[in-house]
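Reading through the structure tokens given below for one structure.
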Amino acid sequence: MLSYPLLDLRVSTPLLELRAATDELLDQLAPVVHAGKMNADPSPYDDPISFHEDDPDLRVAKWLRSMWRARGNVDADRWRLNFVVVVNGEPVGMQDVIGVSFATFGTVTSFSWLSADHRGRGLGKEMRQAILHLAFEGLGAKEASSDAFVDNLGSNAISRALGYEPDGFDWATRRGEPARLNRWRLSRKTWEERRRTDIDLHNVDACQALLPLS
Ligand SMILES: CC(C)(COP(=O)(O)OP(=O)(O)OC[C@H]1O[C@@H](n2cnc3c(N)ncnc32)[C@H](O)[C@@H]1OP(=O)(O)O)[C@@H](O)C(=O)NCCC(=O)NCCS
């Protein structure tokens with residue numbers, strides 16, 4: 001067991017595992033970021049983000065720093081758990097959950113990406129379901145939200161398929177250009193009606209002890 005138990009968190013499904021993003025796993029995933037395989041066209045990412053850095057070495061460095069910042073910044077109004085998505089032993093992407101004034105509102109949002117080599121096979125939907133299971137079952141969330149640029153067909157399709165309801169629009173910039181976002185919300189009630197029975201949580205007690213959940 002690690003001396004920082006949040007790095008022992010795992011969520012397993014029949015298709016994949018979300019493993020807390022240890023330095024070892026990030027190191028294994030770094031070549032994907034270096035090769036630019038986390039990108040898509042049009043960019044799904046709003047500013048600022050390390051993924052918009054064109055120099056590959058600097059991109060990896062900025063990406064790692066953002067992971068370390070997320071580990072270090074655990075506040076009542078915002079905390080973030082980063083997970084590496086592992087399929088058959090291979091790190092293929094990331095799935096994060098972010099608590100937004102969680103102790104007050106019980107709300108989470110999420111962020112994810114998959115290596116371009118692994119898209120379009122149902123993994124994106126599966127990893128969103130895995131993180132929702134952690135949020136609702138493991139952490140007691142009341143509501144989950146998600147934002148995606150209107151032209152991000154994959155992310156919007158996943159939110160729609162999992163029962164999120166449209167919650168209006170927003171604006172953000174990507175690479176400096178304004179672009180419109182769809183906002184989505186999933187209630188605990190809707191999640192409960194569709195919850196899966198084949199997703200397992202491991203070492204979640206660490207969250208109760210180390211996150212400002214209540
Ligand atoms: C978004 C992302 C994680 C989705 O993962 P994925 O494994 O490709 O998605 P899935 O195979 O699980 O597909 C889920 C649904 O989206 C649809 N979909 C996925 N990609 C699509 C695309 N490019 N165009 C149209 N529909 C798409 C699938 O048909 C499926 O719909 P269904 O449930 O109605 O059958 C992945 O495409 C990705 O990493 N994109 C770049 C990063 C990104 O956009 N992150 C999200 C930022 S908000």
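The values are calculated or read from the model by the stated rules, or taken from the named source; none is laboratory data. Remember, predicted model here, so these are calculated numbers, not experimental data. Using ideal geometry, Cβ is built from the backbone for each residue, glycine included, and neighbour counts are taken over all protein chains shown. Protein only, heavy atoms only, side chains kept; ligands, DNA and RNA dropped before computing areas. Shrake-Rupley method; radii C 1.70, N 1.55, O 1.52, S 1.80 Å.
Does THR13 satisfy being open to solvent by less than 40 Å² (accessible area, probe 1.4 Å), farther than 21 Å from GLY122 by Cα and either at pLDDT 95 or above or over 15 Å from the mean Cα position of the chain (by Cα) (or both)? Spelling it out, it is not the case that THR13 is open to solvent by less than 40 Å² (accessible area, probe 1.4 Å), farther than 21 Å from GLY122 by Cα and either at pLDDT 95 or above or over 15 Å from the mean Cα position of the chain (by Cα) (or both). For the structure I just gave you, tell me whether SER101 is closer than 23 Å to TRP191 by Cα and more than 12 Å from the ligand (Cβ to nearest atom). Judged against the criteria, SER101 is a match.
Please specify each residue of the stretch 127-167 satisfying the condition of being touching a Lys or Arg at 6+ places or on another chain (Cβ under 8 Å), under 16 Å from GLN95 (Cβ atoms) and among the charged types (D, E, K, R). Scanning the stretch 127-167 gives GLU137, ASP147.
Quick grid of which residues meet (1) hydroxyl-bearing (Ser, Thr, Tyr); (2) over 17 Å from the mean Cα position of the chain (by Cα); (3) more than 16 Å from the ligand (Cβ to nearest atom):
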position	(1), (2), (3)
ALA157	no, no, no
TRP171	no, yes, no
ARG175	no, yes, no
PRO178	no, yes, yes
ARG183	no, no, no
ARG188	no, yes, yes
ARG196	no, yes, no
ILE199	no, no, no
ASP205	no, yes, yes
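Scanning the stretch 106-148 for residues that are open to solvent by 30 Å² or more (accessible area, probe 1.4 Å) and acidic (Asp, Glu), we see that the one that is farthest from the ligand (Cβ to nearest atom) is GLU137.
Residues of the stretch 69-102 that are within 19 Å of SER112 (Cβ to Cβ), open to solvent by 30 Å² or more (accessible area, probe 1.4 Å) and not in a strand (DSSP E or B): ARG69, ARG71, ASN88. Considering the stretch 35-57, the residues that are open to solvent by less than 80 Å² (accessible area, probe 1.4 Å) and more than 12 Å from the ligand (Cβ to nearest atom) include one that is farthest from VAL92 (Cα to Cα), namely ASP47. With respect to the conditions (1) within 23 Å of ASP77 (Cα to Cα); (2) among the hydroxyl-bearing types (Ser, Thr, Tyr); (3) over 19 Å from the mean Cα position of the chain (by Cα), SER145 falls short on a single one, namely (3). Scanning the stretch 9-17 for residues that are free of Cβ contacts under 8 Å to residues at least 40 places away in the same chain, closer than 30 Å to ASN203 by Cα, outside any loop (DSSP other than H, G, I, E, B) and among the acidic types (Asp, Glu) turns up nothing.
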